[in-house]
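Participant: Structure provided below as structure tokens; questions to follow.
Here, each number is a calculation from the coordinates, and none is a lab measurement. The model shown is predicted, which means the values in this text are computed figures rather than measured ones. Glycine gets a Cβ as well: all are built from the backbone with ideal geometry, and neighbour counts include every protein chain shown.
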Amino acid sequence: MSKQINVALIGNPNTGKTSVFNALTGLNQKVGNYPGITVEKKEGVCKLPRGVKAHILDLPGTYSLNASSLDENVVIELLLNKNDKNFPDVAVVVSDVEHLKRNLLLFTQIKDLEIPAILVINMSDRMAYKGISLDVAYLEKMLKTKIALVSTRKKQGVEELKELIANYRELSMEPCLNASEIDPEYFDGLRKAFPGQLLYKLWLVITQDVNFGKTDRNEIDPVADFKTKSKSELKRLQQKETIRRYQFINDTLKVGQTIDLNAAKDLSIKLDRILTHKVWGYVVFAILLLLMFQAIFSWSEPFMNVIDDAFASLSDVVSGLLPEGKLNDLISQGIVPGIGGVVIFVPQIAMLFLFIAILEETGYMSRVVFLMDKTMRRFGLSGKSVVPLISGNACAIPAIMATRNIENWKERLITILVTPLSVCSARLPVYTILISLIVPETKIFGLINSQALALLGMYVLGIVLAIGAAIILNKIIKMKGKSYFVVEMPTYKLPLLKNVAYTVLEKTKAFVINAGKIILAVSIILWFLATHGGKTFSNAETIIDERATALNLSEHERDTELASFQLENSYIGMMGKAIEPVIKPLGYDWKIGIAIITSFAAREVFVGTLATIYSVENAEDEGTIRSRMASATFAGTGEKVFTVATGVSLLLFYAIALQCAATVAIVRKETNSWKWPLIQLIGLGVMAYLFALIGFSIFK
Amino acid sequence: MQTTLAQIKRGERAVITDVSSAHIPLKLLEMGCLPGNFVELVQAAPFSDPMYLNINGTYLAIRKETAIHIIIDIVP
């Protein structure tokens with residue numbers, strides 16, 4: 001087998017780089033993470049002409065090789081490291097025909113690294129519409145490259161691009177301009193100090209330290225002294241470099257590109273007269289949000305019912321197939337309903353991701369950032385916090401990763417800290433079951449379902465809590481940071497179905513797999529802990545038999561008594577009992593205590609845990625989890641456990657507490673310390689306890 | 001007329017004459033906010049902050065606090 005060609009797709013954000021990636025790889029792609037960091041890594045395989053294969057890596061979007069974020073840094077780290085197994089044989093630089101001038105900046109930088117580069121001019125179908133014409137031959141000559149005019153929308157130019165990739169050895173590796181002339185003396189010194197090193201690479205390593213401070217410079221050692229420059233001098237030099245590059249690009253495009261402004265149509269600007277208007281902009285945004293929640297709750301309902309029924313019958317089938325006993329209970333009453341409890345939310349999550357993907361793809365999300373910035377800043381947040389806070393309604397993990405483009409560290413930190421208060425989908429199973437227990441199902445005004453209204457109330461509560469927490473954090477956290485806010489307003493585009501579908505599929509799949517794994521593991525551990533115990537547990541049968549004889553219990557009564565006695569004295573029972581004094585004031589018994597302990601791994605485990613606990617205790621009860629919870633009583637008093645007060649208290653607790661190991665891990669990664677995730681975990685924990693306590697006292 | 005970008009009004013066209021590199025992120029420069037390039041206001045949010053601009057054909061939004069560090073010359 002011949003060696004695969006390593007191809008890196010590089011480009012500015014909003015150039016349709018992902019569309020080109022999808023067009024090249026089709027379904028042969030996988031999404032993962034770069035080792036050690038949570039930057040998404042997309043790679044795929046593309047079949048080229050004459051049986052050659054290419055490994056395609058879709059690098060994060062960046063405006064230049066001067067990284068200012070973790071995502072952008074990935075690009076530089078790769079391009080500076082020839083030993084990386086993904087180091088590209090050829091770089092495919094994706095540009096957008098409408099923003100060629102800006103896109104070429106990055107292209108000239110990549111050329112300076114002497115990596116063979118192909119220039120893709122994407123969205124070429126919009127050329128006529130924008131009155132643009134290009135002299136491709138001239139541009140190829142000036143930029144010392146080969147150009148592919150591509151339109152992924154019209155499926156044009158992709159084959160030509162594949163041909164160019166296959167023949168990458170014919171590409172020139174010469175830089176297209178001499179950037180070192182901005183300060184010949186300095187660069188001469190640099191060349192003498194590090195002989196044998198590529199000058200532009202040295203320059204990037206030096207400036208990278210200024211901007212980002214993460215580039216590994218071990219491989220480069222100076223052989224002679226050279227005069228270093230101060231940070232501000234370097235920054236000025238970078239500015240000069242940028243100006244120099246633009247000079248070259250302007251000169252090149254003056255000949256190579258003609259724009260007939262009379263022929264150009266600008267629908268985006270016209271749309272923005274309304275969509276970013278001081279009044280209408282907000283009205284449209286509010287309507288879109290309402291539509292989104294409508295979609296999540298109403299349109300996904302039929303799908304959810306189908307899934308619910310499917311898992312209920314699966315439980316029955318499994319239960320019928322396996323021999324009766326504890327293992328049967330574990331699988332049919334614990335694992336299957338536990339997994340079902342997550343899968344049932346797939347339609348809602350998919351719907352939410354669908355909306356977010358469409359808003360991002362069309363370019364509307366940037367307008368939301370623009371509209372909301374001033375308001376959000378009052379709470380110590382940024383306009384860019386809106387995206388994480390909305391995505392947080394699906395899952396806090398991608399939401400926290402989405403805070404990366406917030407330039408101001410304080411604003412970003414506050415966004416990270418309050419995002420887990422958004423009602424993530426893992427809370428839905430908990431909310432749904434608790435609301436169904438404490439809110440009677442009626443129609444308000446004969447129209448609105450009371451339980452749906454209660455759920456909506458929980459969403460409003462999430463927003464109010466997030467804003468409240470942000471205001472407080474903004475007062476407490478003292479941090480002086482540079483406050484940059486730059487957001488590109490891309491032209492509106494019709495979303496590409498393929499891109500949207502991939503995003504929804506990928507994110508939903510990741511959610512189900514991650515949550516599924518945790519639930520499976522927790523169910524098994526829980527089952528083990530519930531069926532094993534200390535001395536009292538092993539002697540349970542003797543103790544209960546004595547008691548049964550003394551009280552003259554029937555066999556059925558004896559079995560029930562035995563089961564609850566065993567649960568109480570099992571390891572998990574002991575753990576629940578141990579924390580009972582702490583949670584008693586909130587109205588919880590030790591069984592709920594167990595559910596709270598286990599749901600520190602993930603909230604959605606709450607339902608599965610109660611399912612497992614009640615099935616271990618009472619295997620004969622064939623009812624649903626809900627009916628078992630409804631009939632649960634406190635040991636001794638016989639009072640109902642799930643009263644309105646307990647329900648409210650639990651709802652508040654789950655609305656606030658950070659019960660998600662994955663979120664803690666991601667905050668640790670994104671803030672690069674244990675300080676913030678711990679503050680967040682403890683802060684939200686204390687807040688949850690207090691709110692639950694107050695809630696319980698009011699409704700008691 | 002020499003002024004800062006924060007003062008620009010809709011319908012006015014201006015040329016950037018100077019940017020204070022100490023206060024302007026490199027990213028903004030890379031997006032085309034450089035001396036010699038034209039700029040116009042597309043839309044202002046309430047209280048004119050942030051500002052939605054067209055700089056050299058790139059559409060972007062920046063806050064007023066950044067715009068005051070960009071000097072422009074309004075073309076009559």
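Participant: Which trypsin sites (Lys or Arg not before Pro) in segment A:234-313 sit in a loop by DSSP (not H, G, I, E or B) and have at most 16 other Cβ atoms within 10 Å of their own Cβ?
Facilitator: Those satisfying the criteria are A:LYS265, A:LYS278.
Participant: Another question about this same structure. Quick one: check the C-alpha center-to-center distance for segment A:46-118 versus segment A:526-572, whole angstrom.
Facilitator: Taking the Cα centre of each part, segment A:46-118 and segment A:526-572 sit 66 Å apart.
Participant: Using alpha carbon centroids, what distance separates segment B:14-72 and segment A:401-462, in Å?
Facilitator: Segment B:14-72 and segment A:401-462 have Cα centres spaced 37 Å from each other.
Participant: Below 12 angstrom from the Cβ of A:ALA602, what's the summed charge of the other residues (Lys, Arg +1; Asp, Glu -1)?
Facilitator: Net charge in that neighbourhood comes out at +2.
Participant: For the Cα atoms of chain A, what angle does the longest principal axis make with the long axis of helix A:280-294, in degrees from 0 to 90, nearest 10?
Facilitator: Helix A:280-294 and the main axis of chain A meet at about 40 degrees.
Participant: Among rounded, prolate and oblate, which fits chain A when a ≥ b ≥ c are the square roots of the eigenvalues of its C-alpha gyration tensor, a/c under 1.5 means rounded, and a/b larger than b/c means prolate?
Facilitator: It is prolate, given that a/c is not under 1.5 and a/b is the larger ratio.
Participant: Another question, then. Can you give the net charge of the other residues whose Cβ lies under 13 Å from the Cβ of A:ALA662, counting K and R as +1 and D and E as -1?
Facilitator: Here the charged neighbours net out to +2.
Participant: Read phi for every residue in segment A:423-437 and hand back ³J(HN,Hα) as whole Hz from Karplus 6.51 cos²θ - 1.76 cosθ + 1.60, θ = phi - 60°, with x for Gly and Pro.
Facilitator: For segment A:423-437, the Karplus curve yields 6, 6, 5, 5, 7, 4, x, 5, 4, 4, 6, 5, 5, 5, 7 Hz.
Participant: So for chain A, averaging the separation of alpha carbon pairs under 8 Å that are six or more residues apart and normalising by length, what relative contact order in percent results?
Facilitator: After rounding, I find 10 percent.
Participant: Mind checking which of A:THR252, A:GLY26, A:PHE297 is farthest towards the positive end of chain A's charge dipole, using Cβ charges of +1 (Lys, Arg) and -1 (Asp, Glu) about the Cα centre?
Facilitator: A:THR252
Participant: Counting Lys +1, Arg +1, Asp -1, Glu -1, what net charge surrounds A:ARG50 among other residues with beta carbon under 11 Å of its beta carbon?
Facilitator: Counting the neighbours of A:ARG50, the net charge comes to +2.
Participant: Ignoring everything except DSSP H segments at least 4 long, calculate the 222 nm mean residue ellipticity for chain A; use -39,500 (n - 2.57) per segment, divide by total residues, nearest 500.
Facilitator: -18500 deg cm²/dmol
Participant: Continuing with the same structure: Going toward the positive end of the dipole of chain B, with +1 on Lys and Arg Cβ and -1 on Asp and Glu Cβ, which of B:GLN2, B:LEU34, B:TYR59 do you reach last?
Facilitator: Farthest along the dipole direction, towards plus: B:TYR59.
Participant: Here is a follow-up. Would you mind classifying segment A:9-105 by shape? Square roots of the alpha carbon gyration tensor eigenvalues, ordered a ≥ b ≥ c; an a/c under 1.5 is rounded, otherwise it is prolate if a/b is larger than b/c and oblate if not.
Facilitator: oblate
Participant: Moving on. List the lysines whose alpha-carbon lies under 25 Å from that of A:LYS509, not counting same-chain residues fewer than 8 positions away?
Facilitator: Reachable lysines: A:LYS17, A:LYS30, A:LYS41, A:LYS42, A:LYS498, A:LYS517, A:LYS669.
Participant: If you don't mind, there's one more thing I want to ask. Could you give the size of the charge dipole of chain A about its Cα centre, using +1 on the Cβ of each K and R and -1 on the Cβ of each D and E, expressed in debye and rounded to the nearest 20?
Facilitator: For chain A, the charge dipole is close to 2740 debye.
Participant: Given H placed 1.01 Å from N in the peptide plane, which residues other than close sequence neighbours of B:ILE72 have an amide H under 5 Å from its amide H?
Facilitator: B:THR3, B:THR4, B:LEU5, B:THR17
Participant: Same structure, new question: As an exercise, identify the GluC sites (Glu not before Pro) in segment A:100-178 lying in DSSP coil whose Cβ has no more than 16 other Cβ atoms within 10 Å.
Facilitator: Taking segment A:100-178 and a limit of 16 other Cβ atoms within 10 Å, the loop GluC sites (Glu not before Pro) found are A:GLU114.
Participant: Right, something else. Would you mind checking which residues have amide H under 5 Å from A:ALA602's amide H? H placed 1.01 Å from N; only 5 or more apart, or other chain.
Facilitator: Under 5 Å from the amide H of A:ALA602 lie the amide H atoms of A:ALA661, each far enough along the sequence or on another chain.
Participant: Stretched out fully, how many nm does the piece from A:LYS278 to A:ILE472 gain, at 0.36 nm a residue minus the Cα gap?
Facilitator: Working it through step by step, the gained length comes to 67.0 nm.
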